[in-house]
Amino acid sequence: MRFWQGFWAIYRRELFQDLTHPVAYVFIAGFLSASVLATFQLGGLFEAGRADLSSYFQFHPWLYAVLMPALAMRTWSDEVRRGTLETLLALPVSRAALVLAKFAAAWTLVALMLVLGTTLWLGIALLGPVDHGATLVGFCGSFLMAGAYLAIGMAASAASSSQAMSFVIATSISVLLTAAGLPIVSTIFAGLIGDQAALMLCALSIQDHFDGFQRGVIEVRAIVFFMSLIAAWLAVTFLFVTNKRVGGL
Amino acid sequence: MLIIEGLSKRYGGRQGVEPASFTLKPGEIAGLIGPNGAGKTTMLRMIAGSLQPDEGKVSVMGFDLRTQRQSAQALMGYLPEHAPLYDDMTPRSYIGFLLAARGFTRKEIAVALPLALSRTQIEPVADERICRLSKGYRQRVAFAGALAHNPQVLILDEPTDGLDPLQKRASRALIQSLSPGRIILISTHVLDEISALCTRVITIWDGHICGDESPEALSARTPSGRLEDGFFALADARASLNAAPEVVEP
């Protein structure tokens with residue numbers, strides 16, 4: 001019971017903070033404009049002559065690799081900078097509730113961002129017959145994938161009291177995990193760390209796991225992958241927050 | 001009872017707080033005094049549960065802070081140093097948030113919140129954004145957050161920091177009025193505060209507790225009978241102890 005009371009109180013506060021901060025709106029506007037621009041300019045939506053949004057979704061991993069660290073970088077480092085982490089840690093709230101509430105609030109903002117992105121779906125539907133089921137799967141997969149990038153960003157934010165540093169760390173990890181599946185990257189890795197290790201790294205490719213969703217296919221393997229990624233990085237965040245309690249304050 | 005047993009903390013190779021032990025009973029107002037960097041804030045953070053000690057134990061009304069952290073923290077109110085607050089909130093929403101996180105229902109918050117606002121005299125600014133408040137008001141908002149849930153143990157790190165003389169007087173009166181039945185531990189380096197408020201003085205120096213007595217006993221350490229002189233006498237004794245050459249076994 002106390003877990004949920006703490007969770008909801010912190011979730012509401014975080015969401016309120018996000019929604020009253022201009023950065024959130026800049027972030028949403030940035031995502032919407034960049035995704036639409038990429039869809040038409042790089043994805044060639046009109047040239048393809050098909051009313052589907054696969055060209056819209058194909059750029060999401062790369063956009064998230066930069067945008068999610070930007071969204072997450074304030075979550076913990078700002079608390080440390082302001083000194084409010086000390087107040088939070090002195091509350092009778094479990095550390096897990098604290099981490100999950102902050103993550104859930106940021107993920108809610110991502111959901112809002114994707115809901116606003118459905119205007120493109122409506123626009124394309126006016127141009128021709130759209131496979132609504134496949135598009136819905138694409139949006140759900142994109143939301144799940146965004147959660148994985150967000151969890152990486154939160155772990156980086158908890159690891160560093162500097163927002164810039166946490167952004168750089170999270171973006172580097174995110175870009176690495178996004179690019180891991182590209183043939184050129186796997187060739188480079190194979191030369192650097194050996195074939196087996198490169199193969200293992202490529203198996204962690206976010207891009208590869210999102211491919212199915214992009215085509216409107218629900219893959220249990222991909223769902224498990226993204227959920228595991230979220231759980232693993234939130235566990236890292238939890239350890240860092242607990243570590244701050246040990247000596248980082 | 002607030003029982004501190006062998007509480008210690010190291011920062012890298014430096015000893016932040018040497019093993020410290022003391023017990024506080026309800027009704028006591030204990031002042032933790034010492035120079036800047038003596039380890040006062042580290043000690044209070046460990047007691048409040050926001051900093052994990054290397055060794056030692058904190059027991060709050062029978063709840064072990066290490067194994068029953070949430071139960072122990074539910075009984076404590078903590079005012080951190082420099083009154084950290086969320087600037088985008090109002091005092092009303094901030095205190096409401098703290099109460100909700102502590103598990104208070106809406107009905108309970110509707111009772112506790114106005115009481116905390118009036119006790120700390122921040123009603124006139126209750127709906128202004130915290131970023132627009134003066135340092136004195138910010139300090140009182142943080143104070144209100146620490147006492148809103150009616151804690152049995154109050155831990156206050158420099159509670160009158162940034163307050164003008166009138167506000168200081170009001171804050172001291174409030175602390176005294178809260179004292180019956182509660183344990184209050186205050187960190188300060190203002191000796192006036194000790195003589196005005198405390199029933200007990202714990203002196204900390206270089207992370208080491210070098211005195212634990214009543215303000216009267218501390219004052220009586222020197223012929224002048226002044227608290228300030230008693231504190232300086234303790235400081236000098238500590239300094240000469242540090243300067244003494246180490247005894248080497250033959």
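Quick rundown of the values:
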quantity	calculated
Every residue from the range B:70-86 that is open to solvent by 10 Å² or more (accessible area, probe 1.4 Å) and at positive phi	B:His82
Evaluation of B:Arg10 against (1) open to solvent by 60 Å² or more (accessible area, probe 1.4 Å); (2) out of contact with any strand residue (DSSP E or B) (no Cβ under 7 Å at 6 or more places or on another chain) (one fails), failing number	(2)
Residue match in the range B:167-183 (condition: part of a loop (DSSP other than H, G, I, E, B), open to solvent by less than 10 Å² (accessible area, probe 1.4 Å) and touching a residue at least 40 places away in the same chain (Cβ under 8 Å))	no
Identity of the residue in the range B:190-208, at pLDDT below 90 and out of contact with any helix residue (DSSP H, G or I) (no Cβ under 8 Å at 6 or more places or on another chain), that ends up most open to solvent (accessible area, probe 1.4 Å)	B:Asp192
Pair list, Cβ < 9 Å and 6+ apart or interchain, from the range A:19-41 residues that are free of Cβ contacts under 8 Å to residues at least 12 places away in the same chain to residues that are exposed (fewer than 12 other Cβ atoms within 10 Å of the Cβ)	A:Phe40/A:Phe46
Verdict on B:Glu108 being of a type in the set (Asp, Glu), over 24 Å from B:Glu158 (Cβ atoms) and at pLDDT 95 or above	yes
Spans of helices (runs of 4 or more DSSP H) in the range A:1-112 with at least 2 residues of a type in the set (A, V, I, L, M) and within 30 Å of A:Gly128 (Cβ to Cβ)	A:22-37, A:45-48, A:60-72
Index of the failed condition, B:Tyr78 passing every other in (1) more than 9 Å from chain A (Cβ to nearest Cβ); (2) under 22 Å from B:Ile204 (Cα atoms)	(1)
Every residue from the range B:91-124 that is surrounded by 19 or more Cβ atoms within 10 Å (Cβ to Cβ) and more than 11 Å from chain A (Cβ to nearest Cβ)	B:Pro91, B:Arg92, B:Ile95, B:Ala112, B:Leu113, B:Ala116, B:Leu117, B:Thr120, B:Ile122
Within the range B:40-70, tally of residues that are facing chain A (nearest Cβ under 7 Å) and not in a loop (DSSP other than H, G, I, E, B)	3
Verdict on B:Gly225 being surrounded by fewer than 16 Cβ atoms within 10 Å (Cβ to Cβ), touching a Ser or Thr at 6+ places or on another chain (Cβ under 8 Å) and in a loop (DSSP other than H, G, I, E, B)	yes
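The values are calculated or read from the model by the stated rules, or taken from the named source; none is laboratory data. On a predicted model such as this, the values are computed, not experimentally measured, just so you know. With ideal geometry, Cβ positions are generated from the backbone for all residues, glycine too; neighbour counts draw on all protein chains shown. Only protein heavy atoms, including side chains, enter the accessible area calculation; ligands, DNA and RNA are left aside. Shrake-Rupley method; radii C 1.70, N 1.55, O 1.52, S 1.80 Å.
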